[in-house]
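Right, one structure below, let's go through it.
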Amino acid sequence: MKILILRFSSIGDIVLTTPLVRAIKQQVEDVELHYATKATYRGIVESNPYLDKVHVLEDNVNRLVHDLQIEKFDLVLDLHHNIRTQIIKMRLRVKSVSVNKLNLEKWLLTQFKIDKLPKYKHIVDRYIYTAKALGVKKDDGGLDYFIPNQDEVIIADMFPEAREGFVAIAIGAKFLTKRLPYPKIVSICDQINQPIILLGGLDDMARGEEIVHRSTNKRILNACGKLNLNQSASVVKQADVLITHDTGLMHIAAAFEKKIVSVWGNTVPEFGMYPYQKEENFKIVEVKDLSCRPCSKIGHKKCPKGHFDCMQKIDVDDVVRATADYLKPV
């Protein structure tokens, strides 16, 4: 049986599909499993040993569809479920199953604060459900993330001060309303008596330098923009604790069963995207009971209300205490 999985973004969403990928490969006999995603995310899936072939979308959907048509799939599992994947499925003309993204329920919550979401129904469970007809069931393996050997980072070489342990802080997020203001991150760094490695992309490099410059903690390395995704994952894998927003690195940390302090702004864990691991391994810090929260299922470039209370009212001490709890000797 030849199966195609469609998921074109984002980093976190693709990592969250890995339990389904593993379950299909291990539980379905004689299966050939393919995965289609954007070229940007190729590095996340190409190292996955449970996949037989990866197809990438460059800049031409027609070329991708042509390549997929050649494969003659028996089943398509659509884990993205948008207009693009609807077109791809229509042109492939094979049986397909789409994930329930709960878009109506999320819309009701963000627009009218009417909560019809299933309680703590994680997106991983909904991904697994797409393969129900195959007899696939969720296992206890959690998330997967596979780092190629060439991307493994030697912490002692990169940041000697951190060789005995360190805290990683993912300072970035795609949308501003999912990011702590940098003065709050500075305050967090000031109160952590550990070496710190800041993680993020090129867009976060200047913020990282500002944090390093302003913090009283002089054992901080700004690695923002200096590592590729797999190298950042390697740093996360070696960290004692990761402090992070609702981002892809949060899910990568969960794949390594790391201790996570997860800070939430305009989005909420109830959307089903909280860390997928044992509850004792993560702590969620958020401002509850804001009448305007959540205001979006993904994020905004700026606060629609102008006050940004969902992040401005985050208690830095809560983040520091949660981190300190994980750093205490067992």
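The values are calculated or read from the model by the stated rules, or taken from the named source; none is laboratory data. This is a predicted model, so every value here is computed, not measured. Ideal geometry is used to build each Cβ from the backbone, glycine not excepted, and the neighbour counts take in all protein chains shown.
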Within the stretch 142-164, can one find any residue that is of a type outside the set (Gly, Ala, Ser), touching a Pro at 6+ places or on another chain (Cβ under 8 Å) and over 22 Å from Tyr326 (Cβ atoms)? yes
Within the stretch 74-118, work out how many residues are more than 20 Å from the chain's Cα centre (by Cα) and in a loop (DSSP other than H, G, I, E, B). 9
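Of Tyr50, Tyr127, Tyr41, which residue is surrounded by 13 or more Cβ atoms within 10 Å (Cβ to Cβ), assigned by TED's automatic domain parsing to the domain that holds Ile11, in a loop (DSSP other than H, G, I, E, B) and not hydrophobic (A, V, I, L, M, F, W, C)?
That would be Tyr50, the only listed residue that is surrounded by 13 or more Cβ atoms within 10 Å (Cβ to Cβ), assigned by TED's automatic domain parsing to the domain that holds Ile11, in a loop (DSSP other than H, G, I, E, B) and not hydrophobic (A, V, I, L, M, F, W, C).
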The stretch 84-109, subset in contact with a helix residue (DSSP H, G or I) (Cβ under 6 Å, 6 or more places away or on another chain) and surrounded by fewer than 17 Cβ atoms within 10 Å (Cβ to Cβ), residue nearest to Gly272 (Cα to Cα): Asn100
So if I check each of Glu279, Glu257, which one is without any contact (Cβ under 8 Å) to a residue 40 or more places away in the chain, over 25 Å from His300 (Cβ atoms) and surrounded by fewer than 23 Cβ atoms within 10 Å (Cβ to Cβ)? Glu279
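What residue, of Glu58, Glu32, Glu105, is without any contact (Cβ under 8 Å) to a residue 60 or more places away in the chain and in contact with a strand residue (DSSP E or B) (Cβ under 6 Å, 6 or more places away or on another chain)?
Values: Glu58 fails: in contact with a strand residue (DSSP E or B) (Cβ under 6 Å, 6 or more places away or on another chain); Glu105 fails: in contact with a strand residue (DSSP E or B) (Cβ under 6 Å, 6 or more places away or on another chain).
On inspection, the qualifying residue turns out to be Glu32.
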Determine the pairs where a residue that is closer than 15 Å to Leu79 by Cβ, located within the stretch 112-129, has a partner that is of a type in the set (Lys, Arg) and in a loop (DSSP other than H, G, I, E, B) with Cβ atoms under 8 Å apart, the partner being 6 or more residues away or on another chain. Val124/Lys138; Asp125/Lys138; Arg126/Lys101; Ile128/Lys137; Ile128/Lys138
Quick one: is Ile192 buried (at least 24 other Cβ atoms within 10 Å of the Cβ), under 18 Å from Val285 (Cβ atoms) and either in the same structural domain as Val268 (by TED's automatic domain parsing) or touching a residue at least 40 places away in the same chain (Cβ under 8 Å) (or both)? no
Go through (1) assigned to a helix (DSSP H, G or I); (2) closer than 24 Å to Leu227 by Cβ; (3) among the small types (Gly, Ala, Ser) for Ser9 and report which single condition fails. (1)
